[in-house]
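The values are calculated or read from the model by the stated rules, or taken from the named source; none is laboratory data. What you see is a predicted model, and the numbers here were worked out from it, not measured in a lab. Positions of Cβ are backbone-derived with ideal geometry, glycine not excepted, and every protein chain shown enters the neighbour counts. To get the accessible areas, we keep the full protein, side chains included, count just its heavy atoms, and leave off ligands, DNA and RNA. Shrake-Rupley method; radii C 1.70, N 1.55, O 1.52, S 1.80 Å.
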Protein chains: 2
Amino acid sequence: MSKTALRPPRGMRDFYPDDFRRRAWLFDHFRTVGQSFAFEEVDAPMLEHAELFTRKAGEEIVDQLYHFELHDRHLALRPEMTPSIARMVIAQAGSLRMPVRWFTVTQNWRYERMTRGRKREHFQWNMDVWGEPSVTAEAELIAAIFSLLDQVGLPRGEVKIRINSRALLEETLRKGVLAQRPEAFAPLCVVIDKLDKIGADAVIDQLTDSEGAVGLDETSAREVVGLLQLRDLDEAARHAPAGSHAFEELKRLFSLLEAYGVREDVIFDASVVRGLAYYTGIVFEAFDAAGTLRAICGGGRYDNLAQTLGGKPIPAVGFGFGDVVLGELLSDKGLWPELPRCVDDLIFPFGESEREAAIQIATRLRGQGRRVELILDSPKLKRAMIDANRIGAQRIWMLGPDEISRGHAKVRELATGKESEEPINPD
Amino acid sequence: MSKTALRPPRGMRDFYPDDFRRRAWLFDHFRTVGQSFAFEEVDAPMLEHAELFTRKAGEEIVDQLYHFELHDRHLALRPEMTPSIARMVIAQAGSLRMPVRWFTVTQNWRYERMTRGRKREHFQWNMDVWGEPSVTAEAELIAAIFSLLDQVGLPRGEVKIRINSRALLEETLRKGVLAQRPEAFAPLCVVIDKLDKIGADAVIDQLTDSEGAVGLDETSAREVVGLLQLRDLDEAARHAPAGSHAFEELKRLFSLLEAYGVREDVIFDASVVRGLAYYTGIVFEAFDAAGTLRAICGGGRYDNLAQTLGGKPIPAVGFGFGDVVLGELLSDKGLWPELPRCVDDLIFPFGESEREAAIQIATRLRGQGRRVELILDSPKLKRAMIDANRIGAQRIWMLGPDEISRGHAKVRELATGKESEEPINPD
C-alpha cells in the first residue's frame, strides 16, 4: 500500500469523532430549520448521468465536474443539488402538491484548486420551493437562512445577505445593450459574476471577446459594469424600464423581509448575479460582515430550469448553504460549542468471573436508553478510572468478586465521587 | 436532455419525502444503538484511492468496484467502510484510546447485476472495535445487531445469526490439506463462500483449478466441503487440533452471548466464511429465519488488516448492516411504521393585506420550535383546508380582514374542528 492511499484524496475529509460531532451538530440545525419551515427532506443519488450537469454556458461548476465514463455510461458526482431536485420534481410533477417545499443535506463535489473555505467536497444544505412564482418564496428562504444563523449562535449583524434581481438587470439591458441579442444574457451573467475575483478590466475583456458568447462593444461592456456598481434600489429603478415588474418584485421582497424582522441585515447590491447560468430572477448571497471569507450561501430563482431539462415550466427558487465557510466563520468567532462525548455509564468487571454480571448490567441500562461502555478486557482499576474520566462518563460500575458475592455492584458518580451499591438484578 | 438523464442511474435511488422518512427512521435507530453501546460516529470520503480497495484475492467486491482514472489519480467510490476505517485508525493509532469503538452510517457502491435486495448503492451501518483481541468484542457487536432488530420491531426469532470461526477452519486445514500451503487459506475462503450460490460441484472445481490460487487435489477439496457441513460445535472440535485456541474462543463467544440473552438466536454454522479476504477469526452473518432474502448483515474479525495496509498490527472486528435487505424484510412482515409528515401549524392569509401578520405569526411559532407552513399565495379557504388535512397539520391559522382588524387570527384545531381566536402579537 502506497503512503498516498493511506491518506484521504486531496481536498477530501476524514471525520474523526470530534469532527463528526461538529458536523452532526450543524446538520441537526440545518434539519431543525428545514422542518420548522415545514419543508420535507429528500435525497437523490450522489452519482448522476453527467448530462444532467453539463450545461454549455461557460460556468465554472461544469469545468470542475468529477465525471467519468464507466460501463458505457457518462456519470458524474453531483456538483450541486438543484439539477437532481429538478429531475425529481419533473418526474412526479403530476402528483406533487405544489408548491413543493423540499430541503436536502448532501455531499457535493467539485474538482478545483483549494483555497480557504473550499475543498473538493463539501456538505450543503439546500432549500427549494417549486411552483410558487411570487417573491413570498424568496422571503421564506432568506428568513430560513437567518433562522439557521440564529440557531448556530451567530449574532445578527455578523452575516449580511446581498440581494439583486437578474430579471431587473435583464430588463435594463434588453432596452439597451442587449436589445438585439437577448440570448447573450445568461453567458453575460456567468462573466460578470467573476467581477470580484478577476476585476473590471478582465470582465470587460471577456464581455468584448469576439469569440465569446457575449460579444459586446467596449462602450456597452463598460455600461454593463457601471450598472453593477449600483447599491441604491431607487437608482436601479431609474435605469430600468418604466413600470418594471422586476423592480416591483424586488421592492416587495424587501418589504416582506421587514415583516420577517431581517430587513437590517439585507442589502441591495447590483453586482450580485451568482455564477450559475440558470438563475432568472432574484439572486442572493450571504457573506460575513468582515468580508474575509467566500460566500456563506447563495441562491436565487430559476423559473426556466424545469423546461430546459425537458419538463413543463414550473417556477422555482432555492439556495445552497455549505458547511465549510460557515465552519470557518464559527471558528474565527470562537462560536463552535463544546461538544463532548456523551457516555452515561462505564461498566468495569474486575475479571472474567465478573463479566457475565457486567454484561447483564450493560444490557439492562442500554434497554433504559442509557449510553453504556462495557470494558472489554480486564484492566487495573486505575486505568478504568482514567478511562471513565477521559470519556466523560457520569458513573462507573465496579464489579469485583466481593460485590458479585453480595449480588451488587459498586457505583461511583464521577462528578461527586459519591459511591453507592446497586443490585445487579434489581427485580 | 435525454430521457435517460432524467432518471436516476440504474441501481440508484431517489428518496422522495416518504422514502426519506423511512430512511431517516432507520438511520436514527442505527445511531441510537451505536450510541447506546458508547460507540462514536465517524466518516471518511466517499471517494478513496482505488488502491485502498483493490486486494488481489479474487473477491467479488473488487471486481465490482466503481473506479476510474481522473486527473492522474486512480479513484474509487467506496464499496465498503472497513478499509477507510482502517486507514483512519492507522493514521492516528498513536493517539487513539484503545479499544477504539466506532460506527458509521454511510453510502457504499458496487457495480453488479441487480437482484432482490441488491442495488448498485446502499447505505450501511458499520460498527467496529479496534484494539481488543478477545471475543468480548464480537459479543458486543452481535448484541448490538440484536438490539437494532429489537428497536425496529422485528420479533426475536425472525432473524438468526450464523457464527463460525475462520481460525478454527484454518487450524483444522493446517493440520491437514493445507499443511504445506498455509498461504492458500484466504483465497480458499473466497471460493468456499460461494457454496450457497454456485453449489458444491462448482466450489470443488474452483478449489481444484490448477490455475487458481488454491489448487487442491479432489480428495482434499471434498474434505474441505465436507467440513462446511458441520452444524455442531463439539463435532467441529473433533476435527480441530487438540487444545484448539479457536475452538475455545468460539465456545466462549457462545457463552457470552448467553449472558447477553441472545443465545437462542445464534447458530454455529461451519459453512459461514464470508466473502472478504481479510477476515481471520470469528465470522458471522444475520439472515431472515424464512431464508428468502440475502444476508441482512455480516461481519467478522480481521486482525491482520492494519498490518496488510502498512500499519502496526492491531486486532479488529466489525460488521456491516445494509439498509436494503432489512427494508425488504420489514416490508414483507408489514413492520414499517406509519411515518406521517409532521406539521404543527398552517398559516393562511386570505390575501396580501394579511401577509405581514401571517409572517409575524409564522416567525413567532417557529421561534417556539413549532413546524409551521406559511401559505405563499392566496388560495380560497377550501383549498387551504384541503392542504391542512393533506399535510396533517394540527392547526390552521386563518387571517382575514375581519380578524386582522381585531388584531386576532382564527385558529382551528383540525382534529376536533374547535375554533378559537388568538392574538397576532400576544405581547
Exactly one of (1) under 20 Å from B:Arg252 (Cβ atoms); (2) open to solvent by 10 Å² or more (accessible area, probe 1.4 Å); (3) touching a residue at least 60 places away in the same chain (Cβ under 8 Å) is unmet by B:Ile142. Its number?
(2)
Return the residues of the range B:354-392 that are of a type in the set (Gly, Ala, Ser), open to solvent by 10 Å² or more (accessible area, probe 1.4 Å) and under 22 Å from A:Tyr260 (Cα atoms); say none if nothing qualifies.
B:Ala357, B:Gly367, B:Gly369, B:Ser378
Per-region count, the range A:398-413, residues in contact (Cβ under 8 Å) with a residue 24 or more places away in the chain and in contact with a helix residue (DSSP H, G or I) (Cβ under 6 Å, 6 or more places away or on another chain)
3
Looking at A:Arg113 and the list (1) crowded, with 20+ Cβ neighbours inside 10 Å; (2) within 14 Å of another protein chain (Cβ to nearest Cβ); (3) not hydrophobic (A, V, I, L, M, F, W, C), which single condition is not satisfied?
(1)
Based on this model, can you work out whether B:Val152 counts as surrounded by fewer than 21 Cβ atoms within 10 Å (Cβ to Cβ), more than 11 Å from every other protein chain (Cβ to nearest Cβ) and in contact with a Ser or Thr (Cβ under 6 Å, 6 or more places away or on another chain)?
no
Within the bounds of the range A:108-125, is there any residue that is part of a loop (DSSP other than H, G, I, E, B), in contact with a Lys or Arg (Cβ under 9 Å, 6 or more places away or on another chain) and of a type in the set (A, V, I, L, M, F, W, C)?
yes
Look through A:Leu188, A:Leu178, A:Leu173, A:Leu169 and report the one residue that is within 22 Å of A:Ala240 (Cα to Cα), assigned to a loop (DSSP other than H, G, I, E, B) and either out of contact with any Gly (no Cβ under 9 Å at 6 or more places or on another chain) or open to solvent by 20 Å² or more (accessible area, probe 1.4 Å) (or both).
A:Leu178
Can we say B:Pro17 is under 24 Å from A:Phe27 (Cα atoms), open to solvent by less than 30 Å² (accessible area, probe 1.4 Å) and either more than 9 Å from every other protein chain (Cβ to nearest Cβ) or in contact with an Asp or Glu (Cβ under 6 Å, 6 or more places away or on another chain) (or both)?
yes
List pairs: first in the range A:155-170 and assigned by TED's automatic domain parsing to the domain that holds A:Phe284 and closer than 13 Å to A:Ala143 by Cα, second of a type in the set (Lys, Arg) and surrounded by 21 or more Cβ atoms within 10 Å (Cβ to Cβ), Cβ under 9 Å, 6+ apart or cross-chain?
none
Condition test on B:Gly320, is it within 30 Å of B:Arg162 (Cα to Cα), assigned by TED's automatic domain parsing to the domain that holds B:Leu149 and either of a type in the set (Asp, Glu) or surrounded by fewer than 23 Cβ atoms within 10 Å (Cβ to Cβ) (or both)?
yes
Among the residues of the range B:328-337, is any of a type outside the set (Asp, Glu), open to solvent by 10 Å² or more (accessible area, probe 1.4 Å) and more than 30 Å from A:Arg101 (Cβ to Cβ)?
yes
So which pairs qualify, if the first residue must be in the range B:368-386 and more than 7 Å from every other protein chain (Cβ to nearest Cβ), the second must be surrounded by 21 or more Cβ atoms within 10 Å (Cβ to Cβ) and among the basic types (Lys, Arg), the Cβ gap must be under 9 Å, and the two must be at least 6 apart or on different chains?
B:Ser378/B:Arg355
Could you tell me whether B:Thr292 is modelled with pLDDT under 95 and either in contact with an Asp or Glu (Cβ under 6 Å, 6 or more places away or on another chain) or more than 30 Å from A:Gln35 (Cα to Cα) (or both)?
yes
One residue is enough: does the range B:96-105 have a residue meeting the conditions of a type outside the set (A, V, I, L, M) and away from chain A (no Cβ under 11 Å)?
no
Are there helices (runs of 4 or more DSSP H) fully within the range B:206-296 with at least 3 residues that are open to solvent by 70 Å² or more (accessible area, probe 1.4 Å) and under 25 Å from B:Lys194 (Cβ atoms)? List them.
B:218-227
In the range A:53-80, which residue that is acidic (Asp, Glu) and more than 10 Å from every other protein chain (Cβ to nearest Cβ) is surrounded by the most Cβ atoms within 10 Å (Cβ to Cβ)?
A:Glu59
Taking only the range A:196-205 into account, find how many residues are crowded, with 17+ Cβ neighbours inside 10 Å and under 31 Å from the mean Cα position of the chain (by Cα).
1
Out of the range B:1-14, which residues are at the interface with another protein chain (Cβ under 7 Å from one of its Cβ atoms) and over 28 Å from B:Ser147 (Cα atoms)?
B:Met1, B:Ser2, B:Thr4, B:Ala5, B:Leu6, B:Pro8, B:Pro9, B:Met12, B:Asp14
Residues that are open to solvent by 50 Å² or more (accessible area, probe 1.4 Å), more than 23 Å from A:Gln35 (Cβ to Cβ) and of a type in the set (A, V, I, L, M, F, W, C), drawn from the range B:393-427
B:Ile404
When only residues in the range B:1-14 that are out of contact with any Leu (no Cβ under 8 Å at 6 or more places or on another chain) and assigned to a loop (DSSP other than H, G, I, E, B) count, which is least open to solvent (accessible area, probe 1.4 Å)?
B:Gly11
Filter result (within 22 Å of the chain's Cα centre (by Cα) and free of Cβ contacts under 8 Å to residues at least 40 places away in the same chain) within the range A:1-27:
A:Pro8, A:Asp14, A:Phe15, A:Tyr16, A:Asp19, A:Phe20, A:Ala24
If I ask for residues that are farther than 11 Å from A:Phe319 by Cβ and touching a strand residue (DSSP E or B) at 6+ places or on another chain (Cβ under 9 Å), which ones from the range A:155-167 would you list?
A:Glu158, A:Val159, A:Lys160, A:Arg162, A:Ile163, A:Asn164, A:Ser165, A:Arg166, A:Ala167
For the range A:27-52, give me the residue count where each residue is in a helix (DSSP H, G or I) and either surrounded by fewer than 21 Cβ atoms within 10 Å (Cβ to Cβ) or at the interface with chain B (Cβ under 8 Å from one of its Cβ atoms) (or both).
10
